[in-house]
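Report on the following structure.
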Amino acid sequence: MKFDGNPVPVIDISAAVSGSESGKQAVADKVGAAARSIGFLVISGHGVSEAVIEAASAASRRFFDLPPERKAAYRSGDPEIYRGYFGMETGNLAATIGDKQAKPDHREYFNFGRFEINSGDPYYQTETAHRIFKENIWPEADVPEFKPALMAYYKEMERLGNLLMELCARALELSPDWFVDKYDKHITNMVVTNYPDQPEELELGQLRAGAHTDYGGLTLLKTEDKPGGLEVQTKDGRWVPVPIVPGAYIVNLGDLMAQWTNDEWVSTMHRVVNPSRELGVGSRRQSLVFFHQPNYDAPIECIPTCATRSAPKYAPTTSIDHLDMKMNQMNDTPKFTQIEAA
């Protein structure tokens, strides 16, 4: 269904969560329609415990409430290691679409990756794996509940992400398990983002998060209904707010899914805007973002069912090569390059 005429559909996926074949296919058809039209959807009936969500949200908020010097203690100290705390304006998402004039994003965030890996598996012994699967940084001295709460949340996102990939396979007329061996050793990072109040106006053109597309397969977003939120760009160039439905998740496609499907499915431009001036105080917004990224060596080339309809548009690549390119662009900011010196 549409939300007050909004182009982003709200889809109840409870029939897929229950596990019936007919229920999964019915939901998959709706997911596929959204993927082709706007690349964004809002899902309810996902089965993620409200207690798990609330515990992760509360622990994250407590972390961001720490004094700046305590938060800074959980930086990696190495800009090549994407773990721990990243301060205000260290990222520039608009740079990933080539906007060299864009201002850095007015946000701070905390990043962590997978924490359960089979170290004896050769997949985890390569030079690439040693770079990706770094030890996580946890603020246990200041927020002891952060680690268990966010780990529990991450596991729930893995479950939901796997179900969504099955629905994507069904929508693409593939075997339901087609994505399994592309995600069974995924390199998903989770980012907890804090957009603080804006008591003062930002620089001209600066946003909470600049216009960009996401990089990987799917993004699962849990956020708050606060002034200054997520907007998506429609095909005719309009910016419209993504509906915030209580208890629901926002899901969007990333660039790799668009490439996999030969652009039959779309990775859509989106941004996080500033609150209006009169609502700047009280607009603090926090997001839990699960960037579901395929295995680092997963080949990204035109999916067979899409190749039958048109010639492939993209040269084959891999999950990690595309991710590295995008991350290098996003982190090209003065404050990010100062991390190592700090």
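Close Cβ contacts (under 7 Å, 6 or more residues apart or on different chains) running from residues in segment 167-192 that are over 18 Å from Q293 (Cβ atoms) to residues that are among the polar types (S, T, N, Q) and crowded, with 18+ Cβ neighbours inside 10 Å comprise L172/T261.
Among the residues of segment 161-172, is there at least one that is out of contact with any Phe, Trp or Tyr (no Cβ under 6 Å at 6 or more places or on another chain), acidic (D, E) and assigned to a loop (DSSP other than H, G, I, E, B)? Break it down stepwise before answering.
In the first step, residues of segment 161-172 are kept if they are out of contact with any Phe, Trp or Tyr (no Cβ under 6 Å at 6 or more places or on another chain); the result is 161-164, 166-168, 170-172.
Those still in the list that are acidic (D, E) too: 166.
Within this subset, residues satisfying the condition of being assigned to a loop (DSSP other than H, G, I, E, B) are none.
Within segment 161-172, none of the residues are out of contact with any Phe, Trp or Tyr (no Cβ under 6 Å at 6 or more places or on another chain), acidic (D, E) and assigned to a loop (DSSP other than H, G, I, E, B).
Criterion first (more than 26 Å from D105 (Cβ to Cβ) and modelled with pLDDT of 95 or more) does V180 satisfy it? Against the criterion (more than 26 Å from D105 (Cβ to Cβ) and modelled with pLDDT of 95 or more), V180 qualifies. Here S267 meets each of (1) assigned to a helix (DSSP H, G or I); (2) out of contact with any Cys (no Cβ under 9 Å at 6 or more places or on another chain); (3) within 25 Å of K185 (Cα to Cα) with one exception, condition (1).
Taking the criterion of being part of a helix (DSSP H, G or I) and free of Cβ contacts under 8 Å to residues at least 12 places away in the same chain, the residues of segment 130-147 that qualify are H130, K147. Among the conditions (1) in contact with a Leu (Cβ under 8 Å, 6 or more places away or on another chain); (2) farther than 30 Å from E69 by Cα; (3) of a type outside the set (A, V, I, L, M, F, W, C), the only one that Y183 does not satisfy is (1).
Just one of (1) free of Cβ contacts under 8 Å to residues at least 40 places away in the same chain; (2) crowded, with 16+ Cβ neighbours inside 10 Å fails for D321. It is (2). When the test is whether a residue is within 28 Å of E89 (Cβ to Cβ), outside any loop (DSSP other than H, G, I, E, B) and either at pLDDT below 95 or of a type in the set (D, E, K, R) (or both), D225 does not pass it. Within segment 297-315, the set of residues being over 23 Å from the mean Cα position of the chain (by Cα) and over 18 Å from V266 (Cβ atoms) comprises P304, T308, A311, A315. When M157 is tested against the conditions (1) buried (at least 21 other Cβ atoms within 10 Å of the Cβ); (2) over 14 Å from the mean Cα position of the chain (by Cα), the lone failure is (2). The residue pairs whose first member lies in segment 243-256 and is closer than 20 Å to S57 by Cβ and of a type in the set (A, V, I, L, M), whose second member is part of a helix (DSSP H, G or I) and at pLDDT 95 or above, and whose beta carbons are closer than 8 Å, counting only pairs six or more residues apart or on different chains, are V251/L164. Which of the residues spanning segment 187-209 are in contact with a Ser or Thr (Cβ under 9 Å, 6 or more places away or on another chain), assigned to a strand (DSSP E or B) and not aromatic (F, W, Y)? Passing the criteria: V191, V192, T193, N194, A209.
Hey, could you check segment 63-106 for residues that are of a type in the set (D, E) and touching a residue at least 40 places away in the same chain (Cβ under 8 Å) and say which is surrounded by the fewest Cβ atoms within 10 Å (Cβ to Cβ)? Let's see the steps before the verdict.
Narrowing segment 63-106 to residues of a type in the set (D, E): 65, 69, 78, 80, 89, 99, 105.
Applying the additional criterion that residues be touching a residue at least 40 places away in the same chain (Cβ under 8 Å) yields 78, 80, 89, 99, 105.
On the way: D78: 12, E80: 10, E89: 19, D99: 16, D105: 27.
So the residue we want is E80.
The values are calculated or read from the model by the stated rules, or taken from the named source; none is laboratory data. What you see is a predicted model; the values in this text were computed from it and never measured. Ideal geometry is used to build each Cβ from the backbone, glycine not excepted, and the neighbour counts take in all protein chains shown.
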